[in-house]
Amino acid sequence: MANTIWTIEEFTCPGCSMSYSATREEHTEPHAGSFKCSVCSGVVHSWSGKHHFFGWQAVKSKPPVFGRRWAGVGW
Ligand SMILES: [Zn+2]
């Protein structure tokens, strides 16, 4: 069984600046594919080579703030 190397990479949609993360998996045989933005249908990333990307998900670069102060919590 080959060692599997997974790395997380981030991409930004050139059309709407949506951020995505994907898991890059190294392969011994060439793969080709592409991922399209779920917001604007633009191609976020296309690849070909001895790796593959899967597990695409949108990244919330600015997490919502619920108006709660986290600093100085005494518990
Ligand atoms: Zn987009």
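FYI, it's all coordinate maths here, none of it is from the lab. All of these numbers come straight from a predicted model, not from anything done at the bench. Every residue, glycine among them, receives a Cβ derived from its backbone with ideal geometry; neighbour counts consider all protein chains shown.
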If the label point is 7 Å along Cα→Cβ of GLU9, which residues in segment 42-57 have backbone nitrogen under 18 Å from it? 43-57
Can you tell me, using C-alpha contacts under 8 Å and at least 6 residues apart, the relative contact order of segment 6-59 as a whole percent? 39 percent
In terms of modelled amide H atoms, which long-range or inter-chain residues lie less than 5 Å from the amide H of HIS27? HIS51, HIS52
So for segment 6-59, Kirkwood radius off the Cα pairs, Stokes-Einstein at 25 °C and 0.890 mPa s: how many µm² s⁻¹? 219 µm²/s
